[in-house]
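Engineer: After the structure tokens below, expect a handful of questions from me.
Derivation of every value follows stated rules applied to the coordinates shown; laboratory data play no part. Predicted, not measured: the structure shown is a model, and the values here were computed from it. So basically every Cβ, Gly included, is an ideal-geometry build from the backbone, and we count neighbours across all protein chains shown.
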Amino acid sequence: MVDYSLYLVTDSTEAILGKRDLVQVVEQALEGGVTIVQYRDKTSDTGALIATAKALHKICLQHKIPLIINDRVDVVLAIDCEGVHLGQDDMSVASARSLLGPSKIIGATVSSIEEVQVAVDQGADYLGIGTLYATQTKKNTKSILGVNGLREILSWLGSHEKKEAREMKTVVIGGVNLSNVQRVKYQLSAPRTPSVPPKPIDGVAIVSAIMASPSPKATTAQLKLLLTTPPPFV
Ligand code: TZP
Ligand code: MG
């Protein structure tokens, strides 16, 4: 069973990483307790991507944590890591599945019910639902869902006739940080009414709150603690 609860998405840009080494920052996040890592790098060439992915995979394996590659099925095949994360402009989930086979993890970014439906039908393993809150990390996002947009998607999944939809794993991305993570985890589930079964999220996906932190290990540990502590207002 994959643990999606604290999903680290990397960023290699200087604005977030500064002069630090990506692999060292990810290692600190692993020590702090992230449960899954996505290597997201929009600028490196294929050779550099494969080299960094290999280095990340090595440390992830040491911590028994899955490594997911953003966009690039070819890199997953080259290094035999655990899976791929696909956006709406990338290869389809169905094509990735036929290239990767049944045992690799395939995630899809979704921001509307229509996109959710396609990802579910094509057999994605999890959905990255976003953008929850506006964020500097990804400025050109199509849509800011906010709490209401997210609840709509969770309600749709939770009340779906198909088991694959009801049991789809979900992580929420966009603007999640130390100050809102508890709220995001515990207050955004679909309303608990008889007609709409609850569909709690399975995890939060975080870039800058961890990657830009001066102490990624301590910040990750704090996030983990908040995620496992229901707030008093629930
Ligand atoms: N997709 C939607 S928002 C986002 C991505 C990759 C970036 C989220 O970054 P942060 O720093 O956690 O807000
Ligand atoms: Mg993409």
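Engineer: How large is the helix-only mean residue ellipticity at 222 nm for the chain, computed as the sum of -39500 (n - 2.57) over DSSP H runs with n ≥ 4, divided by its residue count, in deg cm²/dmol to the nearest 500?
Structural biologist: -11500 deg cm²/dmol
Engineer: Still on this structure, please answer the following. Could you tell me what % of all Cα pairs in the stretch 58-135 have separations over 18 Å?
Structural biologist: 40
Engineer: Sticking with this one: Quick query: amide H of residue 85 versus all other amide H atoms, modeled in the peptide plane; which residues come in under 5 Å with a sequence gap of 5 or more or a different chain?
Structural biologist: 69, 70, 71, 72, 107
Engineer: Restricting to Cα atoms and excluding each atom paired with itself, what does the Kirkwood estimate give for the stretch 1-78 in Å?
Structural biologist: The Cα-based Kirkwood calculation yields 12.7 Å.
Engineer: Additional query: How long are the semi-axes of the equivalent ellipsoid of the stretch 89-234, taking √(5λ) for every eigenvalue λ of the Cα gyration tensor, in whole Å from largest down?
Structural biologist: Whole-Å semi-axes of the equivalent ellipsoid: 25, 20, 14.
Engineer: Quick one: putting +1 on the C-beta of Lys and Arg, -1 on the C-beta of Asp and Glu, what dipole do you get for the stretch 1-59 around its Cα centre, in Debye to the nearest 20?
Structural biologist: It comes to approximately 100 debye.
Engineer: While we're here: Please work out the Cα center distance from the stretch 199-214 to the stretch 66-97, rounded to the nearest Å.
Structural biologist: Each part's Cα centre sits 20 Å from the other's.
Engineer: Taking the simple approach of a point 7 Å from Cα along Cα-to-Cβ for both residue 144 and residue 80, what is their distance in nm?
Structural biologist: For residue 144 paired with residue 80, the spin-label model returns 4.5 nm.
Engineer: Under a crude label model (7 Å from the Cα following the beta-carbon direction), how far is residue 19 from residue 31 in nanometres?
Structural biologist: Between residue 19 and residue 31, the label points sit 2.1 nm apart.
Engineer: Once the principal axes of the Cα atoms of the stretch 1-139 are found, what is the range along each, listed largest first in whole angstroms?
Structural biologist: Principal extents (Cα only, largest first): 41, 34, 30 Å.
Engineer: Principal axis extents for the stretch 36-98, Cα atoms only, whole Å, descending order, please.
Structural biologist: If we take the Cα atoms of the stretch 36-98, the spans are 31, 23, 16 Å.
Engineer: Treat every Asp and Glu Cβ in the chain as -1 and every Lys and Arg Cβ as +1, leave all other atoms uncharged, and give the resulting dipole magnitude about the Cα centre to the nearest 20 debye.
Structural biologist: Result for the chain is approximately 600 debye, rounded to the nearest 20.
Engineer: For the pair residue 95 and residue 159, how long in nm is the line joining their label points, each one 7 Å along Cα→Cβ?
Structural biologist: Label-label distance for residue 95 and residue 159, simple model: 3.5 nm.
Engineer: If you don't mind, there's one more thing I want to ask. Which residue fluctuates the most in the chain, going by a Gaussian network model with Cα springs under 10 Å, if the choices are 107, 87, 128?
Structural biologist: 87
Engineer: If you don't mind, there's one more thing I want to ask. Quick one: dipole size for the stretch 17-133, taken about the Cα centre, charges +1 on Lys/Arg Cβ and -1 on Asp/Glu Cβ, in debye to the nearest 20.
Structural biologist: 380
Engineer: Could you pull out the pairs from 185/217; 42/138; 169/199; 139/199; 162/185; 163/199 whose alpha carbons sit more than 18 Å apart here?
Structural biologist: 185/217; 139/199; 162/185
Engineer: With θ set to phi - 60°, apply the Karplus curve 6.51 cos²θ - 1.76 cosθ + 1.60 along the stretch 155-170 and write out the HN-Hα couplings as whole Hz, x wherever there is a Gly or Pro.
Structural biologist: Rounded to whole hertz, the list is 5, 4, 5, x, 9, 6, 5, 8, 4, 4, 6, 4, 9, 4, 7, 9.
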